[in-house]
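Notes follow once the structure below has been shown.
The values are calculated or read from the model by the stated rules, or taken from the named source; none is laboratory data. What you see is a predicted model, and the numbers here were worked out from it, not measured in a lab. Neighbour counts are summed over all protein chains in view; Cβ atoms, including those assigned to glycine, are modelled from backbone coordinates with ideal geometry.
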Amino acid sequence: MIRRIDNIKFPITLDQGKLKSFVEKKYKTKFGYFKVVRKSLDARDKRNIFWLYSVAVSEGQESIPQREYDKIYCSPTVAVIGGGPAGLFCAIRLVQHGFRPIIIERGECVEDRRRTCLSFFAGGPLNESSNVQFGEGGAGAFSDGKLNTRTKDSLNGDVIDLFVRFGAPQEVAYLNKPHVGSDKLFDVLRNIRAYIEQNGGKYLFNTRVDGLVQSGGELKGLLLTDVKGGGTHTMQADAAVLAIGHSARDTFEMLSRSGVYMQPREFAVGVRIEHLAADIGRAQYGESFKILPTADYQLVSHAHERTAFTFCMCPGGVVMPATSEEGAVVVNGMSLHARDGENSNSALMVQMKFSDFGGDDLFAGVRFQREIERRAFIAGGGNYHAPVQLAGDFLKGVCSHAFASVKPTYAAGTTFAPMDEVLPPVACSALRAALPDMGRRLRGFDNPHAVLTGAETRFSSPVKIVRGEDMQSVSLKNLYPCGEGSGYSGGITSSAADGMRVAETLFARFSQN
């Protein structure tokens, strides 16, 4: 019989491969079955940092049965629009139930997409259909691959298990703050593609949805455009899952023209802030940082009337060129699995309100984001260089002229420019209040040498595609909005879980036919 043992304190100086013998010695029992189910770092007392484990054990050998899924008997045509976490995990669960989904992705497969992005980083042309935002894996493919989530969704465990099944490191199943790393995510995405195709699913890369075929208030098909060749054709569909991500602005406009009901949403804007990873480690763990994983943090400041917060923290990572539109500069963050880069970075965001951009207009938020991105492009020199400013100079309101201990990692190049030329005044005011406030809780966060890179605008979707309790659009049957772009999740895990929930809804519907 399997039982769980919690609150196992394990010294950070010991080889973690000795955990099993450590537990057996403590409980004076040999375990035939031993599995780590939780691992976190307790660093509340820098003089006594330790690993905290939970394990599942049994004195005998145990075998965990594989879950079986009920299969569908009919063969409906289900299109999944978007190849990010929501779309891919929806497709996986559909396959598990016997569907043969068609994944429609405007960008390239991950192998070609990576080459296209690296070319852009090196000064090549921007591909507006395949970039850090669009392509197989979605925006999450060029990120830290963080799988931690604040949601308590019952499907979160399924998401983690599938990541491990398709090649993510085993440790993501038990780490308190699991992450895959962008380098590992590429392999995961290829394995997911192979599984879907081997089970009858199909991918249509370089294909954009440019119209909806409707009849009697129901979706009947999709108008598709080959983004490379320019040809168009219509595809019949019994249902379409709309997992388009937060940056498909042209698709939002098409949906609006097609009568799909949407609502404007508030969002946040800001910058990326970079520190030396060693400085963050020393602040979090003292000198023990040298033998511990690269430190992270999460901060919130209420020093201003507008809340400021850190988001998508990338330990040992780099700042990414993340625009999907010409004449715009957008930044994001990315880490590899090892998280061994010299710098650490995080989004430093300020919450915007409808009053800042006009909540009565559905696309006012999109225009607001675009204007910030355009100003960042101009401030950076009009060549996709990003505007940067040292934190100390930003606090003083003066332009920077030289880097100090922290050098920027933004691959497409940087130009010194004041963030006041890029961000709205209310955002700059809130950030100036937040930096020293956060520095009081994390020593050195307001280091004057820290580098601010702008602009971070793709925090979340500026619109919500409204769905009902049946998961369908309230204005168009057979259309199933899901994921971050539709306003129903935030981050890889919650988006993947939302996609799987839509898949379960589709199975329940079509299995009755």
Could you check the range 114-143 and list, in sequence order, the residues that are out of contact with any helix residue (DSSP H, G or I) (no Cβ under 7 Å at 6 or more places or on another chain) and either assigned to a loop (DSSP other than H, G, I, E, B) or free of Cβ contacts under 8 Å to residues at least 12 places away in the same chain (or both)?
Arg115, Leu118, Ser119, Ala122, Gly123, Gly124, Pro125, Glu128, Ser129, Phe134
Need the failing condition index for Ala283 against (1) in contact with a Gly (Cβ under 6 Å, 6 or more places away or on another chain); (2) without any contact (Cβ under 8 Å) to a residue 12 or more places away in the chain, just the number.
(2)
Residue tally, condition over 27 Å from the mean Cα position of the chain (by Cα), at pLDDT 95 or above and over 21 Å from Ser256 (Cβ atoms), over the range 200-230:
1
Given the condition touching a Cys at 6+ places or on another chain (Cβ under 8 Å) and among the hydrophobic types (A, V, I, L, M, F, W, C), answer yes or no: does some residue in the range 468-488 qualify?
yes
Output the residues belonging to the range 187-202 that are over 25 Å from Ser75 (Cα atoms) and crowded, with 21+ Cβ neighbours inside 10 Å.
Val188, Leu189
Which one of these is under 22 Å from Met262 (Cβ atoms) and small (Gly, Ala, Ser): Ala168, Ala243?
Ala243
Output the residues belonging to the range 341-400 that are more than 26 Å from the chain's Cα centre (by Cα), of a type outside the set (A, V, I, L, M) and assigned to a loop (DSSP other than H, G, I, E, B).
Gly358, Asp360, Asp361, Gly381, Gly382, Asn383, Gly397, Cys399, Ser400
Within the range 48-70, does at least one residue satisfy the condition of being farther than 30 Å from Thr414 by Cβ, assigned to a loop (DSSP other than H, G, I, E, B), modelled with pLDDT of 95 or more and not assigned by TED's automatic domain parsing to the domain that holds Gly487?
yes
Somewhere in the range 372-390, is a residue assigned by TED's automatic domain parsing to the domain that holds Gly444, more than 22 Å from Pro321 (Cα to Cα) and at pLDDT 95 or above?
no
Restricted to the range 298-318 and to residues being of a type in the set (Ser, Thr, Tyr) and in a strand (DSSP E or B), the residue farthest from Ser460 (Cα to Cα) is Ser301
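For (1) among the β-branched types (Val, Ile, Thr); (2) assigned by TED's automatic domain parsing to the domain that holds Ile244; (3) surrounded by 18 or more Cβ atoms within 10 Å (Cβ to Cβ), each residue gets a yes or a no:
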residue: Lys396; (1), (2), (3): no, no, no
residue: Asp446; (1), (2), (3): no, no, yes
residue: Lys477; (1), (2), (3): no, yes, no
residue: Gly487; (1), (2), (3): no, yes, yes
Mind listing whichever residues of the range 57-95 are of a type in the set (S, T, N, Q), exposed (fewer than 12 other Cβ atoms within 10 Å of the Cβ) and in contact (Cβ under 8 Å) with a residue 12 or more places away in the chain?
Gln61
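Residues that are buried (at least 19 other Cβ atoms within 10 Å of the Cβ): find the strands (runs of 3 or more DSSP E) completely inside the range 211-297 holding 2 or more of those.
Because the criterion is at least 2 residues that are buried (at least 19 other Cβ atoms within 10 Å of the Cβ), the strands (runs of 3 or more DSSP E) in the range 211-297 that meet it are 218-226, 239-242, 262-264, 268-276.
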If Gly397 passes every condition in (1) at positive phi; (2) in contact with a Gly (Cβ under 8 Å, 6 or more places away or on another chain) but one, which one does it miss?
(2)
In the range 18-42, what residues are within 31 Å of the chain's Cα centre (by Cα) and either more than 17 Å from Ser63 (Cα to Cα) or not aliphatic (A, V, I, L, M) (or both)?
Lys35, Arg38, Lys39, Ser40, Leu41, Asp42
So, of the residues in the range 9-27 that are in contact (Cβ under 8 Å) with a residue 40 or more places away in the chain and either out of contact with any Ser or Thr (no Cβ under 7 Å at 6 or more places or on another chain) or hydroxyl-bearing (Ser, Thr, Tyr) (or both), which turns out to be surrounded by the most Cβ atoms within 10 Å (Cβ to Cβ)?
Phe10
What do you reckon, is Arg440 under 27 Å from the mean Cα position of the chain (by Cα) and not β-branched (Val, Ile, Thr)?
no
Hey, could you check the range 130-183 for residues that are more than 14 Å from the chain's Cα centre (by Cα) and hydroxyl-bearing (Ser, Thr, Tyr) and say which is surrounded by the fewest Cβ atoms within 10 Å (Cβ to Cβ)?
Ser154
